[in-house]
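Participant: Have a look at the structure that comes next, please.
The values are calculated or read from the model by the stated rules, or taken from the named source; none is laboratory data. Nothing here was measured: the structure is a model prediction, and the numbers come from that model. Ideal geometry is used to build each Cβ from the backbone, glycine not excepted, and the neighbour counts take in all protein chains shown.
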Amino acid sequence: MIKKFIHQFASPKTYLKQVDKAYSFIFFTSLSIYLIAIFWGLLLTPEDFVQGHSYRIIYLHVPASFISQSLYLGMAFASAIFLIWKVKLSAYLVRSIAPIGAMTTFIALVSGSIWGIPTWGTWWAWDARIISTLILFIMYLGLISLHDSFTNNEKADKFLAILVLVGSVNIPIIKMSVEWWSTLHQSASITITQKPAIDPSMLYPLFASAIGFTGLVICLVILSSKLHILDRERNKSWVKDYV
Amino acid sequence: MFNFAFSSISEAILMESQNGQNHGIYVWSVFFIVFGALILTFCIYKNKIRNLSKKIK
């Protein structure tokens, strides 16, 4: 029953029609939320007692870092669906998410490095959190290269899905690195089980920037998947009607 | 919560902290990198989709 449901609603043609309808709404809502959140975070929130104004990088760094890991989990989920139920759309999504994941991980690494200069006195440290995030970035690039190196797309999809699932072991390592090892990177300020260690005046714009950034990244995933689907299905008659 | 943290534009650009350091260079660098990366990625994908659509047509 699940298989029938997935196959019925996860055809590339249906997917494109649905995301085309939702795209403008997601884009303009997310952009508005993100711009307000960044204005609020960078110009309205008070100065931090310990870090001074450099803490404002949190509104740009944390959403990127959160999304870079979430996208990989999304890829792992789509890979599992592809391997179990052979849903073609899932394979397309895995390949489409990878470059967006690489971009967000790049932002997380660069913004973290710049934030490190005034707070740690160095832009780079061989720290467990930073290394595991760098590994995530290299994994994203490796997955893109691997898929593109195949001439047979079906084989490439299968290998990519397996590698994504194997590589997902890195996500809990990134998350727990600040707990398992003594790191320069601070431990999480926001957890599900405990009260946040950040003052509400700084916390609300952080939530807003995370929501806005997530929406914009969803839009990028939609564009990336659209490009990939059109490229892979270009010989199908419905694609000619669609464009 | 909604008061400006800076009293002038130059203060907001420099972001001089209580320890005397100017943190504006770090904050605004990250701001431009993030927005630059987002705008560039959107433009690249929009352009690629347009070109591919033309080819398919």
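Participant: Restricting attention to segment A:35-62, and to residues there that are touching a Phe, Trp or Tyr at 6+ places or on another chain (Cβ under 7 Å) and either polar (S, T, N, Q) or more than 9 Å from every other protein chain (Cβ to nearest Cβ) (or both), which single residue is nearest to A:Leu165 (Cα to Cα)?
Facilitator: Step one: filter segment A:35-62 for residues touching a Phe, Trp or Tyr at 6+ places or on another chain (Cβ under 7 Å), giving A:37-38, A:41-44, A:48, A:54, A:57, A:60-61.
Adding the requirement that they be either polar (S, T, N, Q) or more than 9 Å from every other protein chain (Cβ to nearest Cβ) (or both) leaves A:37, A:41, A:54.
Working: A:Ala37: 34, A:Gly41: 36, A:Ser54: 37 Å.
So, considering only residues that are touching a Phe, Trp or Tyr at 6+ places or on another chain (Cβ under 7 Å) and either polar (S, T, N, Q) or more than 9 Å from every other protein chain (Cβ to nearest Cβ) (or both), the one nearest to A:Leu165 (Cα to Cα) is A:Ala37.
Matching residues to (1) crowded, with 17+ Cβ neighbours inside 10 Å; (2) within 14 Å of chain B (Cβ to nearest Cβ); (3) in contact (Cβ under 8 Å) with a residue 24 or more places away in the chain; (4) in contact with a Lys or Arg (Cβ under 9 Å, 6 or more places away or on another chain):
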{"site": "A:Phe106", "(1), (2), (3), (4)": "yes, yes, yes, no"}
{"site": "A:Gly112", "(1), (2), (3), (4)": "yes, yes, yes, yes"}
{"site": "A:Trp123", "(1), (2), (3), (4)": "no, yes, no, no"}
{"site": "A:Gly142", "(1), (2), (3), (4)": "no, no, no, no"}
{"site": "A:His147", "(1), (2), (3), (4)": "yes, no, yes, yes"}
{"site": "A:Asn152", "(1), (2), (3), (4)": "no, no, no, no"}
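A quick yes/no check of all residues on (1) facing chain B (nearest Cβ under 10 Å); (2) out of contact with any Pro (no Cβ under 6 Å at 6 or more places or on another chain); (3) not hydrophobic (A, V, I, L, M, F, W, C):
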| site | (1), (2), (3) |
| --- | --- |
| A:Ser187 | no, yes, yes |
| A:Gln194 | no, yes, yes |
| A:Phe207 | no, yes, no |
| A:Ile211 | no, yes, no |
| A:Cys219 | yes, yes, no |
| A:Ile222 | yes, yes, no |
| A:Leu227 | yes, yes, no |
| A:Arg234 | yes, yes, yes |
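Participant: Determine which single condition A:Leu31 fails, assuming it passes every other condition in (1) touching a Leu at 6+ places or on another chain (Cβ under 8 Å); (2) of a type in the set (A, V, I, L, M); (3) surrounded by 20 or more Cβ atoms within 10 Å (Cβ to Cβ); (4) closer than 14 Å to B:Val34 by Cβ.
Facilitator: (3)
Participant: Something else about it: Can you give me the number of residues within segment A:212-235 that are in contact with a helix residue (DSSP H, G or I) (Cβ under 8 Å, 6 or more places away or on another chain) and either of a type in the set (Lys, Arg) or loosely packed, with under 15 Cβ neighbours inside 10 Å (or both)? Break it down into steps so the answer makes sense when it comes.
Facilitator: Going residue by residue through segment A:212-235, those that are in contact with a helix residue (DSSP H, G or I) (Cβ under 8 Å, 6 or more places away or on another chain) are A:212-234.
Narrowing the set further to residues that are either of a type in the set (Lys, Arg) or loosely packed, with under 15 Cβ neighbours inside 10 Å (or both) leaves A:226, A:232, A:234.
The qualifying residues number 3.
Participant: In addition: Collect the residues in segment B:7-23 that are more than 7 Å from chain A (Cβ to nearest Cβ) and touching a helix residue (DSSP H, G or I) at 6+ places or on another chain (Cβ under 6 Å), keeping them in residue-number order.
Facilitator: Those that are more than 7 Å from chain A (Cβ to nearest Cβ) and touching a helix residue (DSSP H, G or I) at 6+ places or on another chain (Cβ under 6 Å): B:Ile13, B:Leu14, B:Asn22.
Participant: Where residues in segment B:28-51 are more than 7 Å from chain A (Cβ to nearest Cβ) and of a type in the set (Val, Ile, Thr), which of them is surrounded by the most Cβ atoms within 10 Å (Cβ to Cβ)?
Facilitator: B:Ile44
Participant: Please verify whether A:Leu16 is crowded, with 20+ Cβ neighbours inside 10 Å, assigned to a helix (DSSP H, G or I), modelled with pLDDT under 95 and of a type outside the set (Asp, Glu), treating the condition exactly as stated.
Facilitator: yes
Participant: Can you find a residue that is of a type in the set (Ser, Thr, Tyr), at pLDDT 95 or above and buried (at least 20 other Cβ atoms within 10 Å of the Cβ) anywhere in segment A:69-89?
Facilitator: yes
Participant: Something else now. Scan segment A:158-181 and give yes if some residue there is of a type in the set (Asp, Glu) and either in contact (Cβ under 8 Å) with a residue 40 or more places away in the chain or touching a Pro at 6+ places or on another chain (Cβ under 9 Å) (or both), otherwise no.
Facilitator: Initial filter on segment A:158-181 (of a type in the set (Asp, Glu)): A:179.
Now narrow it down to the ones that are either in contact (Cβ under 8 Å) with a residue 40 or more places away in the chain or touching a Pro at 6+ places or on another chain (Cβ under 9 Å) (or both): none.
For segment A:158-181, residues of a type in the set (Asp, Glu) and either in contact (Cβ under 8 Å) with a residue 40 or more places away in the chain or touching a Pro at 6+ places or on another chain (Cβ under 9 Å) (or both): absent.
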